[in-house]
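Please read the structure below before turning to the comments.
The values are calculated or read from the model by the stated rules, or taken from the named source; none is laboratory data. Since the structure is predicted, the reported quantities are computational estimates derived from the model, not experimental observations. Note: ideal-geometry Cβ built from the backbone for every residue, glycine included; neighbour counts use all protein chains shown.
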Amino acid sequence: MDNNNVQRDGFSSKLGIIAAAAGSAIGLGNIWKFPYITGIYGGAAFILVYLVCIALIGLPVMLSEFTIGRRAQANAVGSFKKLAPGTPWFLTGWMGFVAAFSILSFYGVVAGWTLDYVVKAITGAYVGLEPDAIGGLFGALISSPVATVGWQLVFMAVTAGVVMGGVKDGIEKYSKILMPLLLVIILILDIRAVTLPGAGEGVNFLFKPDFSALNAEAVLVALGHAFFSLSLGMGTMITYGSYIGKKENLGETALQVTIADTLIALAAGLAIFPAVFAFGVEPAAGPGLVFITLPNVFNQMAGGMIWGILFFSLLAIAALTSAISILEVVVAYLSEETSMSRHKATLVSAVAITFVGVLAGLSYTSVLGGVTIPLPGFGSLVVFDWLDALSANYLLPLGGLFISLFVGWKMVRKDVEAEVSNDGTVKIGWIGMFLILAKVVAPIAIAIVFLNGVGIIKL
Ligand code: PFF
């Protein structure tokens, strides 16, 4: 299995692996999406369900993905072909390919918004404005086809540039420095947010559960977001797992990445919700939440301009380290399974994804604002929302289901143990627990939440 290890590009150090995997996990999902869906689905009760999904499903699926990728030393589709030749399991990799495509299409749009906000912060566009006017700025941005698509193209070009550079000198190098910096900035924002007058209501919203707000859709969204936030269910962590050295401890890595991702999401919530209540922003404001609330906070801080510039720049960078991991799924497949060079594979996939992405980018403008597509369980949605809901609520949970079944039932137990224990050199007292989660708990839980959420069964 290790014989082609030599030619494969890979991560060069333990810190590099954590930074790259955490760089993939930590992104717009934590800072943009987690707060706004928490706002829509009612706060603390939603967060509790999310945390249960992370612990019982997310963590074992992440370890499963690492195990598959490092064992097979291949991309998401190739890994299944190698470990289960002649079976339809490779279709799981293909589904991940489709998910990567749909996620990056709308992800690039939001990342583009963050770039626009870097400029807004530098030029002082929101300085001194009332909360309502700050909301208006966001509305003006997303309804402008030129601004939205223009920034999206800039972002996609940078993403493609980094991926072309390869694993060690592209992805790893940037993630290592910038992720820790992001954490520091968010913690500073937390301190300012919780000391705002009227912050208490926001803190309660985050930590005092009201279970009456929960419904089947909320539980499905919490599960889907656990996958989205941890970059699971579409082969990203299979691909990254294939770059992890044979001496690294996979269980420990999965745990560290999961904890880092969860802490950043909670810290982002804590920076945003006190401000939501202090400035009278609607908690269920949707995708604009972070862009509407935080400028109000910056306006209330000494040196607010600097904080704004730093925050939005780091958010753009967090988006970048995630976007490259999504593009890498497609590029690794094309460059390993077809005759395309890495260079060409990156170009082809970035152009194709950006093409669909522009349709997502125009979703809130007059150009495509009226065009909606139905999605079972979610009504009829504009392209942006449709791609988001399709990937998070359908493709990723189903991908996660097959991945955990694969490790739990298809792979030989001896091989799984050899991989996670580095051929017996690492203690894995938790292996029995892991296998129960991967074999039984995660698949059943995903199946129930999924079937219930899309309305096929009614609990
Ligand atoms: N985990 C990223 C975030 O939270 O922003 C998004 C993402 C990256 C999803 C990679 C899926 C993926 F494969």
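Structure above, values below:
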{"item": "Criterion (more than 16 Å from the ligand (Cβ to nearest atom) and either of a type outside the set (Val, Ile, Thr) or touching a residue at least 40 places away in the same chain (Cβ under 8 Å) (or both)) met by exactly one of SER64, SER13, SER79", "result": "SER13"}
{"item": "Qualifying residue in segment 198-208 (condition: within 16 Å of the ligand (Cβ to nearest atom) and touching a residue at least 24 places away in the same chain (Cβ under 8 Å))", "result": "no"}
{"item": "Residue in segment 363-372 that is in a helix (DSSP H, G or I) and either modelled with pLDDT under 95 or among the hydroxyl-bearing types (Ser, Thr, Tyr) (or both) present", "result": "yes"}
{"item": "Single residue of GLY429, GLY399 found to be under 25 Å from GLN73 (Cβ atoms) and either surrounded by fewer than 19 Cβ atoms within 10 Å (Cβ to Cβ) or under 27 Å from the mean Cα position of the chain (by Cα) (or both)", "result": "GLY399"}
{"item": "Residue satisfying condition, being assigned to a loop (DSSP other than H, G, I, E, B) and either surrounded by fewer than 19 Cβ atoms within 10 Å (Cβ to Cβ) or within 16 Å of the ligand (Cβ to nearest atom) (or both), within set ALA316, ALA323, ALA302", "result": "ALA302"}
{"item": "Meets criteria (in contact (Cβ under 8 Å) with a residue 24 or more places away in the chain, within 17 Å of GLU337 (Cα to Cα) and within 16 Å of the ligand (Cβ to nearest atom)) for VAL98", "result": "yes"}
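Rundown of residues vs (1) under 21 Å from the mean Cα position of the chain (by Cα); (2) within 12 Å of the ligand (Cβ to nearest atom); (3) closer than 20 Å to SER24 by Cβ; (4) at pLDDT below 95, yes/no style:
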site	(1), (2), (3), (4)
PRO88	no, no, no, no
LEU91	no, no, no, no
ILE103	yes, yes, yes, no
TYR107	yes, yes, yes, no
VAL110	yes, yes, yes, no
TYR117	yes, no, no, no
TYR126	no, no, no, no
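Condition check ((1) under 28 Å from PHE402 (Cβ atoms); (2) away from the ligand (no atom under 16 Å from the Cβ); (3) in contact (Cβ under 8 Å) with a residue 12 or more places away in the chain) across all residues:
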{"residue": "HIS225", "(1), (2), (3)": "yes, no, yes"}
{"residue": "SER229", "(1), (2), (3)": "yes, no, yes"}
{"residue": "LEU232", "(1), (2), (3)": "yes, no, yes"}
{"residue": "TYR240", "(1), (2), (3)": "yes, no, yes"}
{"residue": "THR258", "(1), (2), (3)": "yes, no, yes"}
{"residue": "ALA267", "(1), (2), (3)": "no, no, yes"}
{"residue": "LEU270", "(1), (2), (3)": "no, yes, yes"}
{"residue": "VAL276", "(1), (2), (3)": "no, yes, yes"}
{"residue": "GLY280", "(1), (2), (3)": "no, yes, yes"}
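Yes/no per residue for (1) buried (at least 21 other Cβ atoms within 10 Å of the Cβ); (2) not aliphatic (A, V, I, L, M):
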| position | (1), (2) |
| --- | --- |
| ASP9 | no, yes |
| LYS14 | no, yes |
| ALA20 | yes, no |
| ILE26 | yes, no |
| ILE31 | yes, no |
| GLY43 | yes, yes |
| ILE57 | yes, no |
| ALA76 | yes, no |
